[in-house]
Amino acid sequence: MEWVNPYHLQVASFLLINVILGVSIYVTLSTGQLSLGNAGFMCIGAYTTALLATRYGLPIPAGIVLGSLLAGAAGVLVGIPSLRLSGVYLAIATLGFGEVIRAVAINWESLTGGAVGVAAIPQMGRVLLARARDIGFSPGSVGLRPNQFISLSVFLILLVLTALVVAFFLRLARSRVGRAYTAIKLDERAAEAAGIPVTYYKVLAFSQGAMVSGLAGALYAHSTSFVSPSDFTYHRAVEILVFAVFGGSGHLLGPVFGATFLTLVPEALRAISHYRYILYGVLLVLTMIFRPQGVIDPPLLRLFRRARPGAAA
Amino acid sequence: MNGLLFLEGIGKDFGGLTALSDISFSVSPGEILGVIGPNGAGKTTLFNVITALFPPTAGRVVFDGETISGLAPHAITRRGISRTFQNIRLFPAMTVEENVMVGRHCRTGAGVWRGVLRTREQREEERKIRARTLELLALVGLSGADPGQAAESLPYGFQRRLEIARALAAEPRLLLLDEPVAGMNEAETQEVFRLIQQVRSLGVTILLIEHDMSLVMKACDRLVVFNFGRKIAEGPPAAIQNDPGVIEAYLGAAEEHRDA
């Protein structure tokens, strides 16, 4: 089982977390609201489960659920006043929110440990390995070294969860609620005249985006076993934005592609990974010049469907 | 006064500008009531007040015996008032079919979980939405168009009809049409005239803003005439045609043609 390379699996795991973050910005964007607060919601999700696990020994799945829910609730609180804002004003306000959350994480030292962060968070793979050993399973029996088992199980857990999140929102997009989201994005006034409760759906989408960010944060905490405020700076917010801008925001698969591509390319070009942000800048400028709607857009997807008849589910 | 829709002393100010003042009239069930008047007379503002796109500064709107001013736009649509817009407001990137399906929103109920889990109930509801959508597309004369094409790729006249189909999808009892034949040629206007008749025969009451006088005279049972945000006349088309006040509003001195 030499092909199971823990390093590659770790990169793949971060890739999956980025895909979930890409989904999170898309969900809010699908109602026409640009939120740059997703790093903040991610921070809430990560710290919630990290603190509950390290201080109260809460099981990981419960912590992940609570972290996501708390981020979603914060999304409702931020989403309601944000209804008064749109476009760039909303983007700035949510960016500010993200920085406020990070400032709280730095300064509320008694709760969060301050700038040092939270260490020794139970790591999903290690916990799973310990449980497996309790019931008499040894990774050696399937030809895996313990560290291979750990990386592989983290990757598989994230793969399943990412697939579920993507499937959830793909299905949602093709339902009554998804049509309402698109209608609101395209023309808010026409949508309300057509009978859509715009306020409800905007807050719902905002909160769903926040919840998905929270989930990504919680998963991140249990994958790395260490979080600190510097994981959730505005660089992260911009990174998430770039997934959507580069990949395309007209369809869920756009940010998914953006997150995948922009995680893999710097890895493939290890030599220049220090210049990641330069690469981001160049890509952004090139995208805006040559393909302002992003790489993936609905007409491109229709083209693929036509090329492979029967592929459209 | 009883009627399907009753407007009582409606006024609307935008800052210092009075767009509507003291508008009262009622719409009887089953009638086609035309709202006419020169540009800037406040006709579209009236539609916007009825559908709560903005609230009136005075007066109230009573629909089917209940005051509806103060409700949110979607709640008013749910009660049974749908509209079209003077400048067509479709969802351009959505398909023809989806535009009408959006109109079914307030008559259907599948939420997030049912939509994601695709329950039997949800699939049945989607099937009904599609079936009704195809019926409505046929009703407005769009059965020849590809329901899967983007709404923005439809010819102009078809877009107007698609907007009517979307409005009808919400099962209105009162339909507000804001210049449905603007920019259309004679033949297209005739087809919309027939469509209006057909919609009325389905039991839908219609409030019609239109500048095409031959259509208005032919289609409407009664007319309400606006000028400078006031109602200046009300009555059957033949009487309105000969009303001196109305003639002055349309043909009067040049300075009265300022945008109000």
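The values are calculated or read from the model by the stated rules, or taken from the named source; none is laboratory data. Because the structure is predicted, anything quoted here is derived from the model rather than measured. Virtual Cβ from ideal backbone geometry, glycine too; neighbours counted across all protein chains shown.
The table below gives the values:
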read-out	value
Qualifying positions in region A:93-124 - β-branched (Val, Ile, Thr) and touching a residue at least 12 places away in the same chain (Cβ under 8 Å)	A:THR94, A:VAL100, A:ILE101, A:ILE106, A:THR112, A:VAL116, A:VAL118, A:ILE121
Residue match in region B:39-49 (condition: more than 14 Å from chain A (Cβ to nearest Cβ), touching a His at 6+ places or on another chain (Cβ under 9 Å), outside any loop (DSSP other than H, G, I, E, B) and farther than 19 Å from A:ALA193 by Cα)	no
Test set (1) in contact (Cβ under 8 Å) with a residue 12 or more places away in the chain; (2) within 13 Å of chain A (Cβ to nearest Cβ) - B:TYR156 fails condition number	(2)
Test result for A:GLU192, more than 9 Å from chain B (Cβ to nearest Cβ) and either polar (S, T, N, Q) or touching a helix residue (DSSP H, G or I) at 6+ places or on another chain (Cβ under 7 Å) (or both)	no
Residue list for region B:74-99, filter: buried (at least 19 other Cβ atoms within 10 Å of the Cβ), at the interface with chain A (Cβ under 8 Å from one of its Cβ atoms), in contact with a Pro (Cβ under 8 Å, 6 or more places away or on another chain) and not in a strand (DSSP E or B)	B:HIS74, B:THR77
Residues located in region B:110-123, provided they are within 30 Å of the chain's Cα centre (by Cα) and away from chain A (no Cβ under 12 Å)	none
Selected residue (only one of A:GLY113, A:GLY143 is exposed (fewer than 14 other Cβ atoms within 10 Å of the Cβ) and more than 21 Å from the chain's Cα centre (by Cα))	A:GLY143
Test: residue in region B:53-72 that is part of a loop (DSSP other than H, G, I, E, B), within 23 Å of B:GLY229 (Cβ to Cβ), within 9 Å of chain A (Cβ to nearest Cβ) and of a type in the set (Gly, Ala, Ser)	no
Within region A:88-99, considering residues that are closer than 8 Å to A:GLY40 by Cα and not small (Gly, Ala, Ser), the one surrounded by the most Cβ atoms within 10 Å (Cβ to Cβ)	A:PHE97
Some residue of region A:211-228 being crowded, with 21+ Cβ neighbours inside 10 Å and within 14 Å of another protein chain (Cβ to nearest Cβ)	yes
When residues of region B:128-160 are limited to those that are farther than 16 Å from B:ARG194 by Cβ and basic (Lys, Arg), the one surrounded by the fewest Cβ atoms within 10 Å (Cβ to Cβ)	B:LYS128
Some residue of region A:267-276 being farther than 18 Å from A:LEU15 by Cα, away from every other protein chain (no Cβ under 14 Å), surrounded by 12 or more Cβ atoms within 10 Å (Cβ to Cβ) and not aliphatic (A, V, I, L, M)	yes
Test result for B:ALA138, modelled with pLDDT of 95 or more, more than 21 Å from B:GLU188 (Cβ to Cβ) and more than 10 Å from chain A (Cβ to nearest Cβ)	no
Residue check for B:ARG173: surrounded by fewer than 18 Cβ atoms within 10 Å (Cβ to Cβ), at pLDDT 95 or above and closer than 30 Å to A:VAL165 by Cα	no
Considering residues of region A:178-189 that are surrounded by 22 or more Cβ atoms within 10 Å (Cβ to Cβ) and within 7 Å of chain B (Cβ to nearest Cβ) only, the residue farthest from B:GLY115 (Cα to Cα)	A:ALA183
Cross-chain or 6+ apart pairs with Cβ under 8 Å, region A:158-173 first and touching a residue at least 12 places away in the same chain (Cβ under 8 Å), then outside any helix (DSSP H, G or I) and hydroxyl-bearing (Ser, Thr, Tyr)	A:ALA173/A:SER30
